[in-house]
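Participant: Below: one structure in structure tokens.
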Amino acid sequence: MLADALTIVLTGTGMLFFFAGTAGIIRFPDTLSRLHALTKADNVGLGLLILGLAFQAPDLLTLGKLALVWALALVAAGTTAQLVARSAWQSGEQSAERSADAHDPAESTLRGDP
Amino acid sequence: MITSATIFGLCGAALIGLGLYGFVTQVHLLRRLLAFNVIGSGIFLLFGATAARTPTGATDPVPQALIITGIVVALAATALGVGLVLAYVRISGKACLPEDADTIDGGPHPSSHEDPPE
Amino acid sequence: MTGISALGFDLILAALILGAGLFAITVRDLFGAVVFFIVYGVFVAIAWLRLGAIDVALTEAALGAGLTGVLLIGAVARLSRVTTPAGNNTSDEMRRPPAGARLASMVVAGSISGVLGWAFLSLPDSTGLRDAVADNLAVSGSANPVTAVLINFRGWDTLLESVVLLAALVGLWSLARDRDWGRRAGLRQHARPGGVMATFGRLLPPFGLLLGVYLVWAGSSYPGGAFQGGTVLAAVWLLIMMAGLMPVPRMVSVGLRAVLVAGPLVFLGIGIAGAMAGTFLGLPPTYAKPLILTIEAALTLSIAATLALLVLGTPDPSP
């Protein structure tokens, strides 16, 4: 009973973080700040989700699998975020070199003066 | 009694129509490939749902095996399609077929079809 | 999940599938369309889970959402390099047929969906071949009915499929230009040594290898098998190559070609041995299990190599 209540509270809170991360993706102006919102919020959201589900795990094996899912997803998310950020940064620099007028004003302010 | 099979069978039928619409109306070749894949997974879903209609017991394994075969072949076909699209774009410089570019929106389009120096 | 909550879940999932599919087809940005298509694949994999088809769900998640995603993102990247450098849509390619034609296609496509849905709903209930498979499962050499069908009962289909995969790769490679022939397949990889990608490429493969081999091994009794395991191994190989830890093989490499044909050859050899004993592709019940594992092991290697090379594509045209 207590376990069920904890699961509901934790997964519910996790969902809120996912919601915030998604809102960030839609609302934030440029790639880097979108990434920031997404990775931070989603990693916390996933952690809470896994923690909540852990209270429903029937045995240690399931618990271990949940932990593995969490760890692998964290590593994958962190790596992807780095790669996307680097790619966005480099293409930003390239487009700054190519033309003075950037398409996205937010990107040019983030980059600083070219 | 509405089961999962009913819902996803109808979903598959809808996906076939959706993919067909995209396949006909999209001009970009890679988008056609996407639409082709949507049609494919719609067919798989419809087929798999017919195998899962019995509410009791396990799903019929024969359609499952055929669908697994189908998914793998669909990837192979998509990879070949992507290769063909890239080769076509390399030669023509365009990602849509000339007859599409010419017939839609009325009248031929002044577009360059000469090959880049290879 | 039972009753009303299961119904609600299925309805929401079906709506998400249709929504993602719709965006994959209609979104203006090509890259966005590809991303929606990948999301669509993940949703479809969950739908397979809800239909009780775990083997199909694994295949769809690994192939439909995973490898297809890598393939299509690579295609968008290569397209944008060949055509306009900045965007991926020229005005020509975004042009649509006139509204009348679009409406007509919508009506035709909608009626086809309607007819298919009606046909689906009016089908009589049937258990299909489920009981026939269950009755013969004991002599098939596999406790997983799907593996039994794939390798034993319908071995023909699977043998021909492995040849189709090979044919697709031959077709793809034949699109390479003469002067690119013999070079390394696919895009040039440019991960920095010691960078994030290289670390990731060192961290993940042990887990991937374990999972891939486990899926093949478990496939004889639980969900899993050569296709699911092979796809995971293909993904591991792709990751290692993208991280720059292993060179992409040359298309003319003899060893590579041996791996590509190993699966179909072993399958065919066992099939011919069966023909001498009575039935082509017939597996005698006493040896069925080791034979299935042999075929699956060889097929897994070939499938992994073929899928990875299909995703890599033809060599990057030299600048």
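Read-outs throughout are calculated quantities, based only on the coordinates presented, and are distinct from any laboratory measurement. Treat the numbers as computed from the prediction; the structure is a model and nothing was measured. Positions of Cβ are generated from backbone atoms using ideal geometry, with glycine treated the same way; all protein chains shown enter the neighbour counts.
Participant: Could you calculate the FRET efficiency of B:Ile2 with C:Leu256 from 1/(1 + (r/R0)^6), where r is the beta carbon distance between them and R0 is 41 Å, rounded to 0.05?
Facilitator: On the way: r = 51 Å, r/R0 = 1.23.
E between B:Ile2 and C:Leu256, to the nearest 0.05, is 0.20.
Participant: Under a 5 Å amide H to amide H cut-off, with H placed in plane at 1.01 Å, what residues pair with C:Gly225 once short-range neighbours are removed?
Facilitator: Long-range HN contacts for C:Gly225: C:Val216, C:Gly219.
Participant: Shielding of C:163-171 by partners, i.e. mean partner chain Cβ atoms within 10 Å per residue?
Facilitator: Working: counts 0, 5, 5, 1, 2, 10, 4, 1, 6.
That works out to 4 on average.
Participant: Once you put a point 7 Å from the Cα of A:Val75 and another 7 Å from the Cα of C:Tyr214, both along the Cβ direction, what distance in nm separates them?
Facilitator: 1.3
Participant: Using the beta-carbon distance between A:Phe19 and C:Ala143 and R0 = 56 Å, what value does 1/(1 + (r/R0)^6) give for FRET efficiency, to the nearest 0.05? Don't skip to the answer; put the middle values down first.
Facilitator: Values: r = 43 Å, r/R0 = 0.77.
So, using R0 = 56 Å, E works out to roughly 0.85.
Participant: Identify all lysines with a Cα-Cα distance to A:Lys65 below 25 Å; exclude those on the same chain that are fewer than 8 residues away in sequence.
Facilitator: Straight-distance partners of A:Lys65: A:Lys40.
Participant: Neighbouring Cβ atoms within 10 Å as the yardstick, rank C:Ile38, C:Ile292, A:Ile25 fewest first. Show your work: numbers first, answer last.
Facilitator: Numbers: C:Ile38 18, C:Ile292 26, A:Ile25 14.
Fewest to most other Cβ atoms nearby, the residues stand as A:Ile25, C:Ile38, C:Ile292.
Participant: Go through the range C:123-132 residue by residue and turn each phi into a ³J(HN,Hα) via Karplus (6.51, -1.76, 1.60, θ = phi - 60°); whole Hz please, and just put x for glycine and proline.
Facilitator: 5, x, 5, 7, 8, x, 9, 4, 5, 4
Participant: Moving on. Among C:Thr279, C:Thr306, C:Thr147, whose mean-square fluctuation peaks in a Gaussian network model of chain C (Cα, cutoff 10 Å)?
Facilitator: Among C:Thr279, C:Thr306, C:Thr147, the largest GNM mean-square fluctuation belongs to C:Thr279.
Participant: Counting only other chains, what is the mean number of Cβ atoms within 10 angstrom of the Cβ of each residue in peptide C:58-69? If you can, show how the numbers build up before the last one.
Facilitator: Details: counts 1, 8, 7, 0, 2, 7, 8, 0, 1, 4, 8, 0.
Counting Cβ atoms of other protein chains within 10 Å of each residue's Cβ and averaging gives 4.
Participant: Hey, another quick one. Based on the Cβ-Cβ distance of A:Leu6 and C:Leu49, what FRET efficiency does E = 1/(1 + (r/R0)^6) give at R0 = 25 Å, to the nearest 0.05?
Facilitator: On the way: r = 26 Å, r/R0 = 1.03.
Step by step, r from the Cβ atoms, then E = 0.45.
Participant: Identify, among C:Ala148, C:Leu7, C:Leu291, the residue whose Cα sits farthest towards the positive end of the charge dipole of chain C, taking +1 on the Cβ of Lys and Arg and -1 on the Cβ of Asp and Glu, with the dipole about the Cα centre.
Facilitator: Of the candidates, C:Leu291 comes out farthest on the positive side.
Participant: On to the next question. Considering the dipole of the protein assembly as shown built from charges on the beta carbon (Lys and Arg +1, Asp and Glu -1) around the Cα centre, which of C:Ala99, C:Met251, C:Gly114 is farthest to its positive end?
Facilitator: C:Met251
Participant: Same structure again: Contact order normalised by length for the range C:1-89, with contacts defined as Cα pairs under 8 Å and 6 or more residues apart; what percent is it? Provide the component values of the computation, followed by the final result.
Facilitator: Working: 75 pairs, mean separation 22.3, N = 89.
Dividing the mean separation by the residue count of the range C:1-89 yields 25 percent.
Participant: Taking neighbour Cβ counts within 10 Å as the exposure measure, how do A:Arg27, C:Arg102 sort from fewest upward?
Facilitator: Working: A:Arg27 10, C:Arg102 14.
Ascending number of Cβ neighbours within 10 Å: A:Arg27, C:Arg102.
Participant: Now for a separate question. When the Karplus curve 6.51 cos²θ - 1.76 cosθ + 1.60 is applied with θ = phi - 60°, which whole-Hz ³J(HN,Hα) does each residue of the range C:27-35 get, with x for Gly and Pro?
Facilitator: After applying 6.51 cos²θ - 1.76 cosθ + 1.60, I find 4, 5, 7, 5, 4, x, 4, 5, 4 Hz.
Participant: Something else: Could you give me the ³J(HN,Hα) list for the range B:18-24, computed from phi with Karplus coefficients 6.51, -1.76, 1.60 and θ = phi - 60°, whole Hz, x at Gly and Pro?
Facilitator: For the range B:18-24, the Karplus curve yields 4, x, 4, 4, x, 5, 7 Hz.
Participant: Taking each residue in C:33-40, count the Cβ atoms of any other chain within 10 Å of its Cβ, then average. What number comes out? Working shown, then result.
Facilitator: On the way: counts 7, 3, 0, 1, 7, 0, 0, 5.
If you average over the peptide's residues, the count of other-chain Cβ atoms is 3.
Participant: Could you give me the radius of gyration and the Dmax of chain C, taking only the C-alpha atoms into account and expressing both in angstrom?
Facilitator: Expressed in Å, the Cα Rg and Dmax of chain C come to 22.4, 65.
Participant: List the trypsin sites (Lys or Arg not before Pro) within the range C:26-80 that DSSP assigns to loop and that have no more than 13 neighbouring Cβ atoms inside 10 Å. Don't skip to the answer; put the middle values down first.
Facilitator: Working: sites: C:Arg28, C:Arg50, C:Arg78; in loops: C:Arg28.
Within the range C:26-80, the qualifying trypsin sites (Lys or Arg not before Pro) (loop, at most 13 other Cβ atoms within 10 Å) are C:Arg28.
Participant: Provide Rg over Rh for the protein assembly as shown; use the alpha carbon set for both Rg and the Kirkwood Rh (inverse mean inverse pair distance).
Facilitator: That ratio is 0.97, to two decimals.
Participant: As I understand it, the dipole of chain C uses +1 on the Cβ of Lys and Arg and -1 on the Cβ of Asp and Glu, about the Cα centre. Which of C:Leu123, C:Gly271, C:Leu169 lies farthest toward its positive end?
Facilitator: Of the options given, the answer is C:Leu169.
Participant: A follow-up question, please. Cut-off is 10 Å between beta-carbons; in what order do C:Glu161, C:Glu296 appear when sorted fewest neighbours first? Don't skip to the answer; put the middle values down first.
Facilitator: On the way: C:Glu161 23, C:Glu296 29.
Least to most surrounded, the residues fall as C:Glu161, C:Glu296.
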